[in-house]
1. Between segment 65-105 and segment 191-216, what is the separation of their alpha carbon centroids in Å?
2. Given contacts defined as C-alpha pairs under 8 Å and at least six residues apart, what's the relative contact order of segment 175-251, whole-number percent?
3. I224 accessible area, nearest 10 Å², 1.4 Å probe?
4. Please work out, to two decimal places, the log10 of the ratio I(q)/I(0) at q = 0.14, 0.18, 0.20 Å⁻¹ from a Debye calculation in which every Cα of segment 140-293 carries one identical scatterer.
5. Segment 89-179: D in µm²/s via Stokes-Einstein (Kirkwood Rh, Cα pairs, 20 °C, 1.002 mPa s)?
6. Between F240, F265, S196, whose Cα lies farthest towards the positive end of the dipole of segment 143-293 when Lys and Arg beta carbons carry +1 and Asp and Glu beta carbons carry -1, centred on the Cα centre?
7. Using +1 on the beta carbon of Lys and Arg, -1 on that of Asp and Glu, and nothing else charged, what's the dipole of segment 175-230 about the Cα centre, debye to 20?
8. Quote the charge dipole size of segment 109-210 about the Cα centre in Debye, to the nearest 20; the model charges only the Cβ of Lys and Arg (+1) and of Asp and Glu (-1).
Amino acid sequence: VSTQSTGTHLFHNILKLHMASRDLSLARNAFGDPTLSKQVHSSRPAVRSQEEHNKDSGEYIKAVVFGGLDGIITTFAIIAAAVASGSLSRGLILIVGFANLLGDAVGMAVGDYLSSKAEDDHVEAERLRESLEMQHFPDVEKREMREIYEAKGLSQASAKEVVELLWEDKNTFLDVMMMEELGLKPVDKSVSPLKSALITFTSFMIFGGLPMIAYIFGGSYSEIESLEKPFVFWMSVALFGVSLFLLGAYKGIITNSSWIFSGLFVLVNGTITTLAAFFIGYFLEDLAKKLDK
């Protein structure tokens, strides 16, 4: 069996040990034994397939949930505060709501892009630094890696064997060292910061716009919206609740957790946040009326 093949098996074992905390004895027994390594990794094909499916489905789940949740809560908080104050017409609520929706969506998308790009740039800079250290101080880097694996429970001989085999492929060694020493995963080239930003923007606009639908079709745009005639507002509340639940359910499905529990969890948290905005608007309006007297 070639050294490259053995090194590949070892790399897979290390990733499993690092990312999934697999039983140390199995990983240790697999080191240096391609046959056993193959058995270990082929013993749960269904799990591996599920992991790959989750990775493909969940690459941009953060952008979808983060953008959608912020869009729903931000937009409905404006609606709730406006209704509680009883001083804005339905038309003005739409204008303020959509202006805020668009502005915040752009801000969220730009922030998502810049933060993702900054994180990727940081990882690449650290990777370049480690690569230069590997070129100029190979013995030091090998020693550091041996110490890491010895700290995980490997013997000196096993740790040395693992490091020497990984060293056969410098990119593999560098990737593993980045994770083990710095806790940084290699940049996933398939995940685009720009695409993530666009998904954040789209999710923010779609989910954030749902509570506004009630006011679009509510008519009487010049009518002052208040709790005295709350029909349109309660329709918006219903859309707000459905939006939160659907977003939470989607998160639950992608993360293989209970979609009902996840939906209810997001709904409850969003409701608490929005109630705070509602009562703040109500009390501020009441305070303003008292100050006018």
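The values are calculated or read from the model by the stated rules, or taken from the named source; none is laboratory data. No experiment lies behind these values; they were computed from the predicted model shown. Ideal geometry is used to build each Cβ from the backbone, glycine not excepted, and the neighbour counts take in all protein chains shown. Each accessible area value is taken on the protein alone, full model and side chains, heavy atoms only, with ligands, DNA and RNA left out. Shrake-Rupley method; radii C 1.70, N 1.55, O 1.52, S 1.80 Å.
1. When both Cα centres are located, 14 Å separates them.
2. Numbers: 26 pairs, mean separation 19.7, N = 77.
Over segment 175-251, the number comes to 26 percent.
3. My reading of the accessible area for I224 is about 80 Å².
4. Results for segment 140-293 at q = 0.14, 0.18, 0.20 Å⁻¹ read -0.89, -1.11, -1.21.
5. On the way: Rh = 16.7 Å.
It comes out at roughly 128 µm²/s.
6. The residue sitting farthest along the positive end of the dipole is F240.
7. On the way: 4 positive and 7 negative charges, 43 e Å.
The calculation lands at about 200 debye.
8. On the way: 12 positive and 21 negative charges, 71 e Å.
The calculated dipole for segment 109-210 is roughly 340 debye.
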